[in-house]
Amino acid sequence: MKIAVMGFGVVGSGVVKLIQKNAPVIRENTGAFLEVKRILDIRDFDGSEFAPLMTKSFSDIENDDEIEVVVETMGGLNPAFDFVSRCLKKKKHVVSSNKELVAQKGFELLALARENNVNFLFEASVGGGIPIIRPLSRCLAGNRIDAIAGILNGTTNFIMTKMIMERTDFSSALALAQKLGYAEKDPTADVEGLDACRKICILASLVFGNHIYPEKVHTEGITGITLADMELAERFGYVIKLIAQAKKLEDGRLYIIVSPALVPKESMLAPVNDVFNACLVQGDMTGDILLYGKGAGSSATASAVVGDIIDCADNLEKRKFFGWKEEKEGQIEDYLNIPVSLFVRVKNEKDARQKVESLFNGARIIESESKAELGFITGEEAEGALREKLSDSGLTVLSSIRVTSY
């Protein structure tokens, strides 16, 4: 089976090298003989062993009837959406690792694949090398999934691990992540939660059945998290992680949010550190299941991509039953209406403790070691109401972070 790869960066080159190295093993294990015929990239690769396969012209892939599967590892929406759409119309199966493409255009591309009786698969778009899409769509298909919560971005998890374990401030931890290659020169998509938001949208679309667009999901990053937050949270028995979560409410609507959150130390998510990712799935039959591993990296992500290629090889003459419906109006509940507990850090000014005890009955309160600040955790109440109380409290609020029960 002849394959084309669009984009020869970290993931694309990993896919080509994996196929080149393990083609005999893949054939022995699956019966599929994989051969890379074309590699699309705008850069020059003179002298590379792959130079004979390189092309700068998409038409070399689009119009080659021998190419049955196209791998898209370009990233972004343009020209990826156009190229993938045209490949599907040419009745070529497409495998993608592009989370932005799937989160924004997944419904359209799945519909196009269905119209042309081909497959559009994207296991690597969420967990990198961690199998998530396939277990949700197959292994757990007999369950009603009630909620998904995860640490879905390795860069932010690395930064927060350094802050927790080594008491490194945010700026220093980010600089180290960039030095080690875990963070891009422009880390906005990671540290502002955009990457995790795209991933939870893909998972929630698959699990709950309708397309969810990232712009509809309230998203916060980790740039405001401080060592003072970490230290007080630890004294309460929590760690702070960037958590992406999606939950089906009793009325059928969805609660979806991406934000820093206090995670109980006994949670399965609490010990997930460094660049590792984890996705906690709550099924009605299985209970809690944790999918854990490295969420990024050339080899791990390439492995997931090749798994999808093999799936295509097994389904060359038919389309897998896979995907979701279009967006449903009003499917996402306003996060401010959802009951939550908040961890709040305030200045320990005159009467601060009394104000907390009066406004937030039963709140747990801890002083910072310096006695200059108070930390407290509220009871559960609609988030909007809690924030209104804080705004009118007269307290000098330094930070407020949601508390999870996952």
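The values are calculated or read from the model by the stated rules, or taken from the named source; none is laboratory data. What you see is a predicted model, and the numbers here were worked out from it, not measured in a lab. Ideal geometry is used to build each Cβ from the backbone, glycine not excepted, and the neighbour counts take in all protein chains shown. Surface accessibility is based on the protein's heavy atoms, side chains included, excluding ligands, DNA and RNA. Shrake-Rupley method; radii C 1.70, N 1.55, O 1.52, S 1.80 Å.
Things to note:
- Test for Lys2: is it under 19 Å from Ser97 (Cβ atoms) and either among the basic types (Lys, Arg) or surrounded by fewer than 17 Cβ atoms within 10 Å (Cβ to Cβ) (or both): no
- Tallying residues that are part of a loop (DSSP other than H, G, I, E, B) and open to solvent by 100 Å² or more (accessible area, probe 1.4 Å) within the stretch 42-68 yields 7.
- Of all the criteria given as (1) within 28 Å of Ala23 (Cβ to Cβ); (2) over 26 Å from the mean Cα position of the chain (by Cα); (3) of a type in the set (D, E, K, R); (4) crowded, with 18+ Cβ neighbours inside 10 Å, the one not satisfied by Asp311 is (2).
- Residue, most open to solvent (accessible area, probe 1.4 Å), within the stretch 289-298, restricted to residues that are of a type outside the set (Phe, Trp, Tyr) and on the phi < 0 side of the Ramachandran plot: Lys294
- When residues of the stretch 158-207 are limited to those that are in contact with a Pro (Cβ under 6 Å, 6 or more places away or on another chain) and not basic (Lys, Arg), the one surrounded by the most Cβ atoms within 10 Å (Cβ to Cβ): Cys197
- Candidate set from the stretch 378-399 (those that are in a strand (DSSP E or B) and either aromatic (Phe, Trp, Tyr) or closer than 22 Å to Lys247 by Cα (or both)); member that is most open to solvent (accessible area, probe 1.4 Å): Glu381
- Selection from the stretch 263-288 of residues that are open to solvent by 10 Å² or more (accessible area, probe 1.4 Å), of a type in the set (A, V, I, L, M, F, W, C) and in contact with a Lys or Arg (Cβ under 7 Å, 6 or more places away or on another chain): Val275, Phe276
- Out of Gly142, Gly106, Gly75, one residue alone is surrounded by fewer than 19 Cβ atoms within 10 Å (Cβ to Cβ), over 30 Å from Ser405 (Cα atoms) and in contact (Cβ under 8 Å) with a residue 60 or more places away in the chain. It is Gly75.
- Among the residues making up the stretch 335-347, those that are assigned to a helix (DSSP H, G or I) and either surrounded by 14 or more Cβ atoms within 10 Å (Cβ to Cβ) or of a type outside the set (S, T, N, Q) (or both) are Tyr335, Leu336.
- The stretch 229-262 - residue that is under 17 Å from Met163 (Cα atoms) and of a type in the set (Asp, Glu) and, of those, surrounded by the most Cβ atoms within 10 Å (Cβ to Cβ): Asp229
- Test result for Thr301, under 27 Å from Tyr406 (Cβ atoms) and surrounded by fewer than 17 Cβ atoms within 10 Å (Cβ to Cβ): no
- Here the stretch 348-377 is the region considered, the condition is being within 16 Å of Asp229 (Cβ to Cβ) and of a type in the set (Asp, Glu), and the residue that is most open to solvent (accessible area, probe 1.4 Å) is Glu369.
- When the stretch 121-152 is filtered for residues that are among the hydrophobic types (A, V, I, L, M, F, W, C) and farther than 14 Å from Ala304 by Cβ, the ones remaining, listed by number, are Cys139, Leu140, Ala141, Ile145, Ala147, Ile148, Ala149, Ile151, Leu152.
Matching residues to (1) among the basic types (Lys, Arg); (2) under 17 Å from Val10 (Cα atoms):
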| position | (1), (2) |
| --- | --- |
| Leu34 | no, no |
| Lys37 | yes, no |
| Asp41 | no, yes |
| Phe50 | no, yes |
| Lys89 | yes, no |
| Val94 | no, no |
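- Residue ID - nearest to Leu291 (Cα to Cα), chosen from residues in the stretch 145-157 that are part of a helix (DSSP H, G or I) and open to solvent by 10 Å² or more (accessible area, probe 1.4 Å): Gly154
- Pairs where the first residue, in the stretch 159-188, is under 18 Å from Thr226 (Cα atoms) and the second is part of a loop (DSSP other than H, G, I, E, B) and polar (S, T, N, Q), C-beta under 6 Å, 6+ apart: Thr161/Asn273; Lys162/Thr168
- Scope the stretch 74-85; condition out of contact with any Phe, Trp or Tyr (no Cβ under 8 Å at 6 or more places or on another chain), closer than 23 Å to Ala300 by Cβ and part of a loop (DSSP other than H, G, I, E, B); matching residues: Gly75, Gly76
- Among the residues of the stretch 14-41, the ones that are assigned to a strand (DSSP E or B) and of a type in the set (A, V, I, L, M) come to 3 in all.
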